[in-house]
Amino acid sequence: MKVLVVGSGGREHAIAKKINQSPLVDTLYCAPGNDAMKSFATCVDDHNIVQFAQNKSIDWVIIGPEAPLAEGLADQLTDAGVKVFGPNQKAAQMESSKDFAKQLMEKYDIPTANHITVNSLDIALTRLEEFTTPVVIKEDGLKAGKGVVISETMEHAQKTLEEIYAVDEKAVVVLEQFLEGEEYSLMVMVNDETFKAFDIIAQDHKRAHDGDQGPNTGGMGAYAPVNHLPKEVIGDTITKIVKPTVDGMSQEGLNFFGILYVGLIWTTEGPKVIEYNVRLGDPEAQVLLESMTSDFMQHIIDLHDGREVSMSFNDQYTLGVMMASVGYPGSYDKDVLVKGYEGQDHILISGLKQDGNDWKTNGGRVLLVLGQGDSLKAAKDQAYERVNEIESDGLFYRKDIGDKGI
């Protein structure tokens, strides 16, 4: 079987690594991939994915990032007769439009924060008065995980809205009441009205700095499983959130096929939705796929063919620490030398490129270092021991990944 993984980040590195382990897969391509993925896959800089898939008789295309999904790549591949794991453009609105997702949640009574959608500065400032701080401000559209601002004061919220509308006076913005509780992520494989949730949940760390301080990022680290939350978390989430969401998407004719990422918070009232994504989370994917002991490629085929999806995960904890460019998620330098990376299996690359014998930074989030252990503390200790093997003046990382669970 020939498989093509679309994307170039750490999530795609993890997907490609996992797919490469499948006995079903003979040939693996990545487009464009990254320099670390070249050790086990053929990376191609081909901008016409559909034509490449047809020319190479690709059996399955797996789309990693959200942008090509929102642009309709899955539709184009399907129209060309190529099997694709990743939702169509209409279904991708579950991530690409926060307003679309909120409307679906309202229609199908899916628990989430109180919210309103506005499309002008005057309306936004007026309706802002209906909220108490902290207030969450979400600009519609894809923002690479950085389109959410949590304002602790009304003055900050007003300034944030003024900045958004200075760039686009017709911007669609969701104002949302901040929810108190503990966040977690659940990945769900969906084929229209049928679904299979992962057996474990993960916890991401969105803020840039220790103690959940600083701006939101694409994610500075994650771990799984999250065993300090109540045992009923997964069951309640499937019953109250996942099933009505999948049923709602099906009734709306979205014909969703792929991964639905459900970003959640466990409150005193049970689970509530923070956001949906239409692909594996990053860095959750790196942690979860490292923990998975079953064949991910087989799961995709079984989901497509209507067979039962039987996942298995190891009994260990897995924790990943993201090392990012100094300045991220704001401006940062590229081409900064990184020492200590030699293709280790426990490091997944997000933004690192090879320059001769050297490795240099090439993005905001640069690499994720994994650790595993029989306890969360053991997994954390191993991950940070491995972080210390990486040397660079251009990188920073959080030192408290996993602390909430220890």
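The values are calculated or read from the model by the stated rules, or taken from the named source; none is laboratory data. What you see is a predicted model; the values in this text were computed from it and never measured. Glycine also receives a Cβ, built like all others from the backbone with ideal geometry; neighbour counts cover every protein chain displayed.
In this structure, does residue 114 turn out to be polar (S, T, N, Q) and modelled with pLDDT under 95? Judged against the criteria, residue 114 is a match.
Within the set 90, 138, 102, the sole residue that is in contact with a strand residue (DSSP E or B) (Cβ under 9 Å, 6 or more places away or on another chain) and not in a helix (DSSP H, G or I) turns out to be 138. If you scan region 376-406, which residues turn out to be free of Cβ contacts under 8 Å to residues at least 40 places away in the same chain and within 16 Å of residue 205 (Cβ to Cβ)? The answer is 403, 406. Residues that are buried (at least 20 other Cβ atoms within 10 Å of the Cβ), hydroxyl-bearing (Ser, Thr, Tyr) and farther than 17 Å from residue 112 by Cα are absent from region 187-203 altogether. In region 43-56, the residues that are modelled with pLDDT under 95 reach residues that are in a helix (DSSP H, G or I) with C-beta atoms within less than 6 angstrom, at least six apart or across chains, in these pairs: 46/52. Within region 322-354, being among the charged types (D, E, K, R) and within 14 Å of residue 394 (Cβ to Cβ) holds for 333, 334, 335, 339, 353.
For region 146-162, the criterion of being in contact with an Asp or Glu (Cβ under 7 Å, 6 or more places away or on another chain), at pLDDT 90 or above and β-branched (Val, Ile, Thr) is satisfied by no residue at all. So which residues in region 248-304 are in a loop (DSSP other than H, G, I, E, B) and more than 26 Å from residue 19 (Cβ to Cβ)? 252, 253, 268, 269, listed by residue number. From the list 59, 99, 75, 79, which residue is of a type in the set (Asp, Glu) and modelled with pLDDT under 95? 99 is the lone residue from the list that is of a type in the set (Asp, Glu) and modelled with pLDDT under 95. In summary, residue 245 fulfils each of the numbered conditions (1) β-branched (Val, Ile, Thr); (2) more than 17 Å from the chain's Cα centre (by Cα); (3) not in a helix (DSSP H, G or I) with the single exception of condition (3). Hey, among the residues in region 17-42 that are touching a residue at least 40 places away in the same chain (Cβ under 8 Å) and outside any loop (DSSP other than H, G, I, E, B), which one's surrounded by the fewest Cβ atoms within 10 Å (Cβ to Cβ)? Here the residue is 39.
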